[in-house]
Amino acid sequence: MWRSRCSNRRVFADEEGLRNVIFESGDAQTHPFPAGEFDVAISRFGAMFFRDPVAAFTNVRRALRDGGRLAFATVGPPDGNDLPKIIASVLPVPAGDVHSLADPERIAAVLGKAGFADVGIEPVQTVIDLGPDAEAAACFLLAWGAVGAAADENARAALTGAARAFEAPDGVRLRSTAWLVTAS
């Protein structure tokens, strides 16, 4: 069953009975996390946008207790991902490396410099469900970070048109490859 991804994370956690979860927004590179307070740090496709990944992961490492764990998902090889094709309908493609953590060797080097050990990097292939149709996919994307910030009066039409190429009877489905990264 398709669930709106535009819902509030706290509401979703409450609906799932997760009471021991804290949500905070901030720049991981500079956020004043309390030192040694957390057992686990998790990121779902956020770490790949760090401006300075070594500084950000060093700050996250400082916030973890001894033996603390890091787990994050980051985008995989570009040829296995359809989402950038839709986003490119409203955002210019940046020059250079779009995602700084798409290369496993770079991931391992960054985490090593930030003080992490036991780095594990596993490939993941999945399908992204953007909604029941192209219009719902466009709505979701317009509510999502950089895409919504770049939106103008033509964005909804452009996103809907781009999503139509991936529309099927069971909804808008995109190929996606990622890396599941763990470290201690």
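Of note:
- Filtered residue count, the range 101-119, keeping only those that are of a type in the set (A, V, I, L, M) and more than 16 Å from residue 46 (Cα to Cα): 5
- For residue 84: the one exception among (1) modelled with pLDDT of 95 or more; (2) under 15 Å from the mean Cα position of the chain (by Cα): (1)
- Here the range 131-158 is the region considered, the condition is being closer than 10 Å to residue 90 by Cβ, surrounded by fewer than 16 Cβ atoms within 10 Å (Cβ to Cβ) and not hydrophobic (A, V, I, L, M, F, W, C), and the residue that is modelled with the highest pLDDT is 154.
- Any hit, the range 92-108, residues being touching a strand residue (DSSP E or B) at 6+ places or on another chain (Cβ under 6 Å), modelled with pLDDT under 85 and not acidic (Asp, Glu): yes
- Here the range 24-40 is the region considered, the condition is being at pLDDT below 95 and among the small types (Gly, Ala, Ser), and the residue that is surrounded by the most Cβ atoms within 10 Å (Cβ to Cβ) is 28.
- The set of residues in the range 101-119 being more than 17 Å from the chain's Cα centre (by Cα) and part of a helix (DSSP H, G or I) consists of 105, 106, 108, 109, 110, 111, 112, 113.
- Close Cβ contacts (under 8 Å, 6 or more residues apart or on different chains) running from residues in the range 8-24 that are β-branched (Val, Ile, Thr) to residues that are surrounded by 10 or more Cβ atoms within 10 Å (Cβ to Cβ) comprise 21/13.
- From the options 108, 71, residue that is of a type in the set (A, V, I, L, M), surrounded by fewer than 19 Cβ atoms within 10 Å (Cβ to Cβ), more than 30 Å from residue 138 (Cβ to Cβ) and in contact with a Ser or Thr (Cβ under 6 Å, 6 or more places away or on another chain): 71
- Scanning the range 41-73 for residues that are assigned to a helix (DSSP H, G or I) and among the β-branched types (Val, Ile, Thr) gives 54, 58, 60.
- Close contacts from the range 170-184, counting a first residue that is within 14 Å of residue 84 (Cα to Cα) and touching a residue at least 12 places away in the same chain (Cβ under 8 Å) and a second that is surrounded by fewer than 16 Cβ atoms within 10 Å (Cβ to Cβ) and small (Gly, Ala, Ser), with Cβ to Cβ under 9 Å and a gap of 6+ residues or different chains, come to 175/80; 176/80; 177/80; 178/80.
The values are calculated or read from the model by the stated rules, or taken from the named source; none is laboratory data. Note that the structure is predicted; figures quoted are calculated from it, not measured. So basically every Cβ, Gly included, is an ideal-geometry build from the backbone, and we count neighbours across all protein chains shown.
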